[in-house]
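Just so you know, all these numbers are worked out from the coordinates, no wet-lab data involved. Predicted model, so just to flag it, every value in this text is computed and none were measured. No Cβ is skipped: glycine too gets one built from the backbone with ideal geometry, and neighbour counts run over all protein chains shown.
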């Protein structure tokens, strides 16, 4: 490889990594939603907490900003799961497009 090819290859790799970071930030922001007076980030952490809760009508957990909120765990679990899957599917589509351009 000559120097120009090495430089263009490095730039493509750098641009790809930067684009991956931008995608991550974009979809992390889309994971945030409001419910029952609290702000939540859909993701494995929230889903694990909700899944591990005993079957009760209401529980109190901390929201994204560490405020205690009384919620219906099943309702929040369904909302979080739907948001998570919707955004992860969209993220995967954009990531695959990005990878094909590289």
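Taking other C-beta atoms within 10 angstrom as a stand-in for reagent exposure, 46, 76, 98, 93 fall in the order 93, 98, 46, 76, fewest first. For the stretch 12-47, the residues whose backbone nitrogen is under 16 Å from a point 7 Å from the Cα of residue 98, taken along Cα to Cβ, are 12-31.
For residue 56 and residue 81, the FRET efficiency from 1/(1 + (r/R0)^6), where r spans their Cβ atoms and R0 equals 22 Å, is about 0.75. Counting neighbouring Cβ atoms within 10 Å and putting the fewest first, the residues 22, 69 line up as 22, 69. For the chain, the relative contact order is 29 percent, taking Cα pairs closer than 8 Å that sit 6 or more residues apart in sequence and dividing their mean separation by the residue count.
The list [x] 24, 19, 10; [y] 40, 12, 10; [z] 21, 16, 15 gives values of semi-axes √(5λ) of the Cα gyration tensor in Å, and only one came from this structure; which label was calculated from it? After the calculation, the listed value that fits is [y]. Angle of helix 3-30 to the longest C-alpha principal axis of the chain, folded into 0 to 90 degrees and rounded to 10: 10°.
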